[in-house]
Every structure is written in structure tokens, then in C-alpha cells.
1. Going down the table (113/161; 297/496; 357/461), which pairs top 25 Å between alpha carbons?
2. Can you give the FRET efficiency to the nearest 0.05 for residue 78 and residue 167, using r as the Cβ-Cβ distance and R₀ = 35 Å?
3. If you fit an axis through the alpha-carbon atoms of helix 126-138 and take the longest principal axis of the Cα set of the chain, what angle between them do you get, 0 to 90°, nearest 10?
4. Where both partners of a DSSP beta bridge lie in the chain, what percent of those bridges are antiparallel, to the nearest 5?
5. In terms of Cα to Cα distance under 12 Å, which aspartates and glutamates are near enough to residue 358, apart from those fewer than 8 places away along the same chain?
6. Restricting to DSSP H runs of at least four residues, report the calculated mean residue ellipticity at 222 nm for the chain, -39500 (n - 2.57) per run over all residues, nearest 500 deg cm²/dmol.
7. With contacts defined as alpha carbon pairs under 8 Å and 6 or more residues apart, what's the relative contact order of region 276-328 in percent?
8. Express the C-alpha Rg of region 256-497 as a ratio against the empirical globular expectation 2.2 N^0.38 Å, rounded to two decimals.
Amino acid sequence: PPHCSQEKTNFFATNLLPREIKMVKICCIGAGYVGGPTMAVIALKCPHIEVAVVDISVPRINAWNSDQLPIYEPGLEDIVKQCRGKNLFFSTDVEKHVREADIVFVSVNTPTKTTGLGAGKAADLTYWESAARMIADVSVSDKIVVEKSTVPVKTAEAIEKILMHNSKGIKFQILSNPEFLAEGTAIADLFNPDRVLIGGRETPEGFKAVQTLKEVYANWVPEDQIITTNLWSAELSKLAANAFLAQRISSVNAMSALCESTGADVTQVSYAVGTDSRIGSKFLNASVGFGGSCFQKDILNLVYICQCNGLPEVAEYWKQVIKINDYQKNRFVNRVVSSMFNTVSNKKVAILGFAFKKDTGDTRETPAIDVCKGLLGDKAQISIYDPQVTEEQIQRDLSMKKFDWDHPLHLQPMSPTTVKQVSVTWDAYEATKDAHAVCVLTEWDEFKSLDYQKIYDNMQKPAFIFDGRNVLNVDKLREIGFIVYSIGKPLDAWLKDMPAFV
């Protein structure tokens, strides 16, 4: 392939490990959204490999060992039940499993710094560094250490130095193997990845380590889909991929504002644009904004790296992707408030969907947090329904400071102050009863099939629906009697008369 020199290709050809080699043990530090599903699939596809997932959080490991897994991901539970206790183990005995492993994946939190140099942009590598020091401290045999968390470019170099200076004669090879999972489809993404990316040092030892990890994935991934690069290219490719995807969402969301002002329909515009084979249709759905654990964090990281490398113009370019995302959330809140006679004070607003996307219970950086906080700032009474998110998580999210979510649970506020203006229910009809307005903030399929006549009959009038995901049948809702706002769609006459100011 074009990214490999001839020397590398020859090396791989002459140093291929036999497919049936007994690869003894893999250990993954971090039992979260990346570590858990990735290791479960490796265990399923490689029955000859023993896989241990370790974490210092006792409740999290207990959950992985129970019938109620700590994360919701379609297909995950079946795989865990099939492999757990055979060649897949979840444990809090971190040091034992690290000591015994041949390959150690590190999938710990890399939050955005909140204080000090690079606050608000740079990644906080505290947990990565402590993991590296622990690996060096407990190891009694050579190991391959794999970066699985999203990390800033050149992290591998820092980790390499920590391991090298604390190695006691043991050899470590650092690889970058970023994940490209989409929540809600993580298992399908792991089964059939677009690509597996492995970056390593361009030395004989580095090439051998890359090949060793390549052989793990080659148990189920076609070898031409396993890309090998140098360390820095692998690290930067992850940030670049997320930045490009987020950029597409911000681009279509910027167009959605213009569509509303001109009477264009953003769905029609994005369809027309997406049929261009050079552009494609994915990630062109207008919405209230993007969320999730990676997009904002990775772009802020990219911005910081650009600034540190004397590239302010490039930093500003990527900053704009975040600015448009924040603008879209503010614009939505302002539209809600202005439509309802410029106040939502003491009015009940039902929120349908709190997770950042459907088919996941993940609420990290979900637009729902900023929308709810914006409405609470105008003294709204909020009632929330999401099929996968607990009341405890919602209250935690609404009372946490920015970036707190990316620290381990035991370092987050233990008992968040309950936001009194917020109630959480497990029933959509209960959430919308007596409400002045309904805001759809997650594209759960069940929201398309709710009985909106029943919802309308039990709401205050005029009854408003603000569709932040463009999933509802606007014409049917208007026939029922709703005043409907759908992002990027031609506005109701009512809404045109009450302009939203940002």
C-alpha cells in the first residue's frame, strides 16, 4: 500500500506470524465505551486469546460481570454473555492482569484540561501518565502498549519516555490504534470496520510490534483494510477524522439557519448536495447540534496543537466548527423562547430524548444539556423522557461543570444537587401532559410512532413542537393543531411573526 515503504513491506512478508500462533494474553486498562465493546469483540473473534478488561471502578466492573451491563450498545450483551468466563474477564485486579499480558491496551479518560496551561483546549494526560507508570512498575516481561484512547499527537512519545526511564531493562513498544466506533453501531463497526489503523515506530522492533497487533485483527478483518502508518500519522488521523465529520454537521447546520430565513428546506438541500459522489450523503442531517465524547474534545485538541505549532490560522478554522455547533444550540433555545411569547418562565416544556443520539444511553456533550440549561435559565419547568438515560445521570449532567464528565466516576461530584425545575419520567405521555411545548432532542425511532393526537389533547394550548432532529411528520402535526418548528424547514406563519434573535 502507498503508506508503506518497500522495506516495511518486505519486513512484513518475512516476519508474518503464523495465524494459529498462541497469542497468550491481552489486557485492556479502562472498561468504558471503547475498552468494553472492543475487547468483547476481540474475545469473540479470537477464542485462542485470553482477554482481560480491568478498571479501578468496582461498580463498573461489577456491572460488566452482571446481567445489567454498564453501557447500552445493540448486540453487546449477547457477545459478553457468550465469552465472559471463557476467554473474556472483567476485573479490578489491574496490576495482576497487566503483569501477565503480552499486549496492554490503554483506554483511559483523556479529559480536556480545566485549569493551567491549555485550559479549555488541551488534553489532560493525568490518567494516561499514571497508567504508563503503573505498567512500567509491575511489568516483568516485554510488552506492546497500545494507545486506544483518543490522545493528542505526540502522546506516544511522552508515554515511551516514561516507560523507557522506568523500565528496569524490560522492553516496551508503543503503538497507536485509534478507535473509529460510532455509538449505537459500535458492534457492527467492530465486526466490519472501514479500516483498522495501527501506527508504530519505523524500526525493526516497531514493525514487529505492528505486525503482532495486525495478526490479532486479521482473525476477522481483511488484511487490506488494516492500515499501518508511523505513530504520529495514526494519532493525527483520529483527530482529523472526527474534525472532518463534525465539520460536515456544522456545515449543514449553518445552511439550516439560512434555509429557515429564505424558505428553503434543508432536507431537500442536503439531499441534492449529498447526491454528488464527491460529497456523499452521510453526516448531512441538520439537527440541534452534535454531541458525544469525541467531536468537541478532539477539535479543541486539534486547535491547541495548531496553536502550539505556530499555526493560528489553521486553529481558527477548526474553532469555527465548534462555534457553529454552539450557535445551533443557542438558536434552538432562542426559537423556543421567542415562539412562546418570549418567555418560558414557569411553563412546562417536555424534552423527548436526552442521549446525544439514538441507540445509546451516552449523554456526554449531548446538545440536550445546553438546551435544557438554556430553558432553565429562562425559568422553564422541564420534564424529560429518554428510554435509556436514568434520572440520576440527567441530574448529574445538568449540575456538572463543563468537561467534568470525562473524569472517572469516583472523581465526579458524588451526589449532584437536584435541579428542582427538572423532573424525569419513564413515559413520553407523562412527560408531555400539561406541557406548553415538546422539544425532540434525540432521534429515537419510538418518537415517530407516538400518538400525537393524544399528546396534543393533553397539552396546554397553543401547543408547540420543536423538532430538533427532523424526525417527525410535520404536516400531520400541523393538521392535529400543533405549531411546529423543524430545523432548517420553512417556518409556520406563527414563527415568522416571532423572530428568534441570537
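FYI, it's all coordinate maths here, none of it is from the lab. In this text the structure is predicted, and so the values were computed from the model without any measurement. Note that each Cβ is placed from the backbone with ideal geometry, even for glycine, and that neighbours are counted across all protein chains shown.
1. 297/496; 357/461
2. Numbers: r = 40 Å, r/R0 = 1.15.
So the FRET efficiency works out to roughly 0.30.
3. Computed tilt is about 20 degrees.
4. Taking every DSSP beta bridge within the chain, about 5 percent pair in antiparallel fashion.
5. Here the aspartates and glutamates satisfying the reach criterion relative to residue 358 are 73, 183, 386, 443, 445, 446.
6. -13000 deg cm²/dmol
7. 37 percent
8. 1.04
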